[in-house]
Every structure is written in C-alpha cells, then in structure tokens.
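Heads up: the structure comes next, in structure tokens.
The values are calculated or read from the model by the stated rules, or taken from the named source; none is laboratory data. These numbers come from a predicted model, not from an experiment. Here the Cβ is made from the backbone with ideal geometry for all residues, glycine too, and neighbour counts use every protein chain on show.
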Amino acid sequence: MGRLRLIWFGCILIPSLALGQAAHPPTESVTVTGTKSREVLEKFVGSLATPARYTGKMARWGGSICPVTVGVPTAFVTLINNRLKEIAVQAGAPVNSSTSCRPNIAIVFTPRPQALADDIHKRQPALLGYHDNSKQTEKLAIVSHPIQAWYMTATRDLRGALGVDGVKITGPGLEIPFPCPPPGMGICPIQLPDARAVSVTGSRLGDGLRSELYNVVIVADPTKLASYEIGELSDYIAMLALTEPASQDACLDLPSILNLLVENCATKTNALTGNDAAFLHGLYKMSPGTTPQTQRDEISYQMEQELKGH
C-alpha cells in the first residue's frame, strides 16, 4: 500500500503510511431526517454524549480548535482538516484560523495503532484521558476500533480558572484551617496535597462549573478502512473531534454518522446527518454552567426546533 516512514508529533514517534488511494471529496449535503418526538430526541442525546468524569456535564470545546492530521497524503490532510473546521463553524464551536496555532486535535493514520497507543501510555499518559490509577490507564490504552479517540477534559470554574481533569495536582495543594483538639487550642491547618479550589455559584440551578474538551487524539488504522471513502471518514472523525461519544459500538436509534462503523446497524449512514448537525449545534449553544439534566434538556429542545425548521 505504500512506504512506511516515521514522523515526529510532539515527543511521539508516529509511523505514517503513504496511501495510494485517490481522494474522494466529502459529502457536502446534510441528510435531514423527519421531525422526531421529544422523547426520541432525549434518548438520542442521552445515548450519544458521555458526561465528563469530574462534573458529570457534557464537555465541549471552550478554546479554539486547531487540528493536525498526519499519516496520509497532503490532499487528504487538507480535506480532513477543512471538513472538521467547516462542521465546527456550523455548530458554533470556536475555530483557530491561524496556520501556526498549537494543535489540540491530533488525527493520526497509522497501520500500527496499538504501538502508537503504547507509546502515548509510556510517554504522555495524560493524553489518554481521565484515569485514577495505572490499571485504568492500561485499559484506556487498548485499541479496539479501526478509528479510536482519546479525550482530555478540563473544568473551568466561575472565575475562569481552568484545571485539567484527572491530572495530579502540582504545587502545595490546599491548606484548610481546622480547630485543634481539644477545643480552644487554636487552629491546626490541614494539608490536602492533591486538592484544588474552584469557584462555584452555590445554586441548585447550576454551580457554574463548565466541562471543556482540552485535547483529543484520534487514531485511524487505514488497513481496516479500505472500503470507506475519505469523505465519510472525514465526517466521522469530525464528529469524534467535537464531542465525546458515550460509545463507538452502540447503534444510535436515529440516523447518525457515528453509526458508520457499527456492524448490523439499521440507522447507518455515510455522511453527517441532520440529527448530528442539530445535536452539535445544541451542544455548543447550551448553557455550560447549568446542571447535567438541564444541559440534556436544552440540547433536546434545540434539536427539536431545528428539525422542525424553526
């Protein structure tokens, strides 16, 4: 299929396969399905997006996205990056238009995806996403799909301070004043080295904390994707880059590009659908500091309005 060479991406050595297939343009039209009942839309929203581990809320990009694609010919790189940016703009996600921006979405095509995941595990395990211990990290590093994504999330508090989720706190941590026993003996500070302080509203309607995507790594194995066109793969990758799916194995009830690689799925499509576009628009329009349930309700309502043509 091509000649294997090595590319440096950050501090990770990436095998790159020069593919010989001709490029296919992405499908520009959006497949629009009929208006669905609110109950069906709520189920779709609940099945599609996974809550962030730290807040339980849906994560989306707060900072501007900057994708980089490696391992495929230049024409494919341009197509994949441009399609991702196009879908992001339509959804209302922030996009960095600078050619020298710092990449925060890495799209890697390699015939050795597990070797790459092992290297990430060894060198930069934080890129694999939230984990509490080494066993969780090892599980995260297992490649089980022809296209697989790993997500680093972060939490932004009421004052705008941003902290990456699941990463060990550096520095002194928190010091909390506490009365010394027995009573009347003054104050004894308690040191919490792995804690951090966040500013919240204290309201039951929403604490003001926002979950954000911080870095995404998407790895694709071209040896398992020969029957797919680059256009449909571009739409699939864009969806993975803009939201964190709850599962890549579940067949969503409504037609979705995320069903592309799911076997025996009746709602499989080969392009971004109206359901996908409406979900992304709802995700990036919702109130980020509200409760998880309110977020799901807002996205479902937004989808309902869009699919009705309002």
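Here is a check on your reading of the model: is Ala246 buried (at least 24 other Cβ atoms within 10 Å of the Cβ), hydrophobic (A, V, I, L, M, F, W, C) and at negative phi?
So Ala246 does not fit the description; no.
Return the pairs, sorted by first residue and then second, in which the second residue is in a helix (DSSP H, G or I) and among the hydroxyl-bearing types (Ser, Thr, Tyr), the first residue lies in the stretch 71-91 and is in contact (Cβ under 8 Å) with a residue 60 or more places away in the chain, the beta carbons are less than 8 Å apart, and the residues are 6+ apart or on different chains.
Leu79/Ser234; Ile80/Ser234; Arg83/Ser234; Leu84/Ser234; Ala91/Tyr284
Would the stretch 200-211 turn up any residue that is in contact with a Leu (Cβ under 9 Å, 6 or more places away or on another chain), part of a strand (DSSP E or B), at pLDDT 60 or above and not charged (D, E, K, R)?
No: zero hits.
Do you know which residues across the stretch 44-73 are in a strand (DSSP E or B) and closer than 27 Å to Gly208 by Cβ? Reasoning before the result, please.
First, the residues of the stretch 44-73 that are in a strand (DSSP E or B): 49, 51, 58, 60-61, 65, 67-70.
The answer is Ala49, Pro51, Met58, Arg60, Trp61, Ile65.
Conditions: (1) modelled with pLDDT under 70; (2) among the aliphatic types (A, V, I, L, M); (3) within 23 Å of Ile107 (Cα to Cα). Ile169 meets all but one. Number of the miss?
The one condition Ile169 does not meet is (3).
Name the pairs: first residue in the stretch 207-235 and surrounded by fewer than 23 Cβ atoms within 10 Å (Cβ to Cβ), second residue of a type in the set (Lys, Arg) and in a helix (DSSP H, G or I), Cβ to Cβ under 9 Å, at least 6 apart or on different chains?
Close Cβ pairs satisfying both conditions: Gly231/Arg83.
Which is part of a loop (DSSP other than H, G, I, E, B), closer than 25 Å to Ala278 by Cβ and either aliphatic (A, V, I, L, M) or touching a Phe, Trp or Tyr at 6+ places or on another chain (Cβ under 7 Å) (or both), of Ala88, Ala93?
On the way: Ala88 fails: part of a loop (DSSP other than H, G, I, E, B).
Criteria check complete, one pass: Ala93.
Yes/no matrix, rows are residues, columns are (1) at pLDDT below 95; (2) of a type in the set (Gly, Ala, Ser):
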site: Arg38; (1), (2): yes, no
site: Pro51; (1), (2): yes, no
site: Gly56; (1), (2): yes, yes
site: Val72; (1), (2): no, no
site: Ile80; (1), (2): no, no
site: Ala91; (1), (2): no, yes
site: Ala115; (1), (2): no, yes
